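The values are calculated or read from the model by the stated rules, or taken from the named source; none is laboratory data. Just so we're clear, the structure is a prediction, and the values are computed from it rather than from any experiment. Please note: Cβ atoms are built from the backbone with ideal geometry, for glycine as well, and neighbour counts cover all protein chains shown. Only protein heavy atoms, including side chains, enter the accessible area calculation; ligands, DNA and RNA are left aside. Shrake-Rupley method; radii C 1.70, N 1.55, O 1.52, S 1.80 Å.
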Amino acid sequence: MCGIVGAVGHDRCGAVLLDALKRLEYRGYDSSGIVTLHNGQIDLRRAVGKLVHLETALAAQPLNGHIGIGHTRWATHGGVSEVNAHPHVAANRVSIVHNGIIENSTLLKKFLVSKGHKFKSQTDTEVIVHLITENLKTENIVDSIKKTLKALHGSFALGIIFKDKPDLIVGARRGSPLAVGYGPNENYLGSDSYALKSMTNKITYLNDGEFCVIKKDHVEFFSEDGTKINKKVLELSSEEEKYDKGDYKHFMAKEIEEQPLTLKNGIKEYIDNANDDINIYNFPWKKNEISSITLIGCGTAYHSCLMAKYWFEELTSLDVSVDIASEFRYRKNRFKKDSLYVFVSQSGETADTYAALDLCNKNGMKTCAVVNVIESSIARDSEFVLPIHCGTEIGVASTKAFLGQILILYILALKLGILRGDLERKHLSRKLNDLKKLPELIEQTLLTDNKIQNISSTFNEAKGSMFLGRGFSYPIALEGALKLKELSYVHAEGYPAGEMKHGPLALIEEGMPVVVLAPRDNYYKKTISNMQEVIARGAKVLLITNKSSDEVISENIWETIEVESTNEDLLPFLLTIPLQKLAYYSALKKGFDIDKPRNLAKSVTVE
Ligand code: AGP
């Protein structure tokens, strides 16, 4: 989703900003632009599509100057076009980049038009830059920013430059993340520390409501009411992780194959081999302080929460609920003192999940984050953080982060089971032993490649498909359907197998591909019966089960994939692998952009 960068003091500003924008590409975008101040003039380049188009525009007409801002845009208000791309400029005086949504832009625009302002784009962003220009008629820079921010409803991260003030950039944050980076006689602005990392590892994060004035040799921070505030400079690790695809065609392929390793990392981090225990010794709450748990996330992270619900119910006596963040944040929630709220997010920046966390914090709840990006807003604002240790995930379709999330949630369920006395030590030992063997089983399951490649064509040719599962396999069915939808743009529906007869069975017709997840667990026989019901109505069933000496007793199954065997708790990890591959190969055959599916973004920073 939209990315912001800014630099002041650098003599190759255009090039530096382009490099920083490249580091934000992974978030997803549809157009981009950079503006600099040079010889007292605002100089702007914008382009639709991939950054390479902006790069070409810059090669033809380079941008000079020591100060500038840049942006990758993911369209919200107004279509994908050069005129809607950021930066926006008003009265040839002020230029802005914006991430977020201004909810009262129509009203503000009316007011500004009545004052004689002329608009060029259909964006909500252009309203902000005109409003600043309007306020500058009577106020100085800090006061005009304060006044403008006060008038805005919605969420934003902003970068602003002024023709008449060629030595400063203003940054402001409400809802969408923003960070300041410090260099030698040059300073920066960026949507996240990753964008800034090629330039510096010294960072300050803005909190909600704060704004800042960045000059090349110092930065001033202000609270919403304009009071000057002091903020900490954090020193992040200067080690750069390697982000290349290696020998893989796509990041997603690499990330799928990395899963045994990332799970090993997680297990190493959270299992105390010496004491046969779980290494979350710093868990901040006592057993009688928590009697219920609510897990909150979006998309794949929501599926992780749903998966965890089954484990928490199995391993603890806690009351467990699961919520989609965008629903939770506007509901009339009954906050209880002894509830723990767990926020699951790969990026740690998802706007809805962050808003749900913020709501819980404001209501004095216990909050815990399960995140991949440890410097993220969700990690920073949660009381307790459990990192998933997966390394950077670039593919928009989440793969290794999903397994990483469910691993940590499973470990948390074991921890709470032991803490509360719901789980016996000897059972914990057995489960930890099985868990340690999981990476190897994943490695073996990853070898079922060829079969899935062939099967994927059928899913591409069909009108739609269904993914069915019961119990532990139901959240995995939802995740499998989501992966196929987002990568191959074919309709896929995840459903609890037992619910088919209450409606969706009507969708089944001759030749429709249906994935049935039926591992040999408690639900096995029931799921097999549901599978027979769809086969009887003409479905082409791909059965995914685990290896066993007992044959599957059913006729007319189209294809069967067998994953490795382990205890019931851990089978969901293994069932996920063929589903990730099915989605990958379907998209590959269609020639789609696997790492950046259309209309989607890696970091969803608008609600
Ligand atoms: C998964 O493949 C998605 N692209 C998406 O559903 C994602 O999981 C969701 O947007 C939540 O992101 P987060 O984990 O960064 O909060």
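Odds and ends about this structure:
- Hits in region 177-186 (condition: surrounded by fewer than 21 Cβ atoms within 10 Å (Cβ to Cβ) and part of a loop (DSSP other than H, G, I, E, B)): PRO184, ASN185
- Of all the residues in region 83-107, those that are within 14 Å of ALA151 (Cβ to Cβ) and either in contact with a Ser or Thr (Cβ under 9 Å, 6 or more places away or on another chain) or crowded, with 22+ Cβ neighbours inside 10 Å (or both) number 3.
- The set of residues from region 328-374 being in contact (Cβ under 8 Å) with a residue 60 or more places away in the chain, away from the ligand (no atom under 14 Å from the Cβ) and more than 14 Å from GLY175 (Cβ to Cβ) comprises just one member, LYS366.
- Of residues in region 570-607 being in a helix (DSSP H, G or I) and of a type in the set (Ser, Thr, Tyr), the one farthest from the ligand (Cβ to nearest atom): TYR585
- Within region 125-160, considering residues that are within 24 Å of ALA7 (Cα to Cα) and of a type in the set (Asp, Glu), the one surrounded by the fewest Cβ atoms within 10 Å (Cβ to Cβ): ASP143
- Residue count, region 376-418 (criterion: open to solvent by less than 10 Å² (accessible area, probe 1.4 Å), out of contact with any helix residue (DSSP H, G or I) (no Cβ under 7 Å at 6 or more places or on another chain) and assigned to a loop (DSSP other than H, G, I, E, B)): 1
- LYS163 being more than 28 Å from the chain's Cα centre (by Cα), open to solvent by 10 Å² or more (accessible area, probe 1.4 Å) and touching a residue at least 12 places away in the same chain (Cβ under 8 Å): yes
- Scanning region 293-327 for residues that are more than 22 Å from LYS362 (Cβ to Cβ) and more than 16 Å from the ligand (Cβ to nearest atom) gives LYS309, TYR310, TRP311, PHE312, GLU313, GLU314, LEU315, THR316, SER317, LEU318, ASP319, VAL320.
- Scanning region 57-82 for residues that are open to solvent by less than 50 Å² (accessible area, probe 1.4 Å), assigned to a loop (DSSP other than H, G, I, E, B) and within 19 Å of VAL606 (Cβ to Cβ) yields ALA75, GLY78, GLY79, SER81.
- Enumeration of residues in region 263-277 that are in contact with a helix residue (DSSP H, G or I) (Cβ under 6 Å, 6 or more places away or on another chain), assigned to a helix (DSSP H, G or I) and either within 15 Å of the ligand (Cβ to nearest atom) or farther than 30 Å from LEU484 by Cβ (or both): TYR270
- A search for C-beta distances below 8 Å between a residue of region 502-516 that is surrounded by 12 or more Cβ atoms within 10 Å (Cβ to Cβ) and any residue that is of a type in the set (Phe, Trp, Tyr), counting only pairs 6+ apart in sequence or on different chains, returns PRO504/TYR495; PRO513/PHE459; PRO513/TRP558; VAL514/PHE467; VAL515/PHE467.
- Residues of region 351-371 that are under 13 Å from the mean Cα position of the chain (by Cα) and either open to solvent by 20 Å² or more (accessible area, probe 1.4 Å) or over 30 Å from PRO439 (Cα atoms) (or both): ALA351, ASP352, TYR354.
- Residue within region 414-437 that is within 14 Å of the ligand (Cβ to nearest atom), on the phi < 0 side of the Ramachandran plot and in contact with a strand residue (DSSP E or B) (Cβ under 9 Å, 6 or more places away or on another chain) present: no
- Region 278-292 - residue that is open to solvent by less than 20 Å² (accessible area, probe 1.4 Å) and in contact with a Phe, Trp or Tyr (Cβ under 7 Å, 6 or more places away or on another chain) and, of those, farthest from the ligand (Cβ to nearest atom): ILE278
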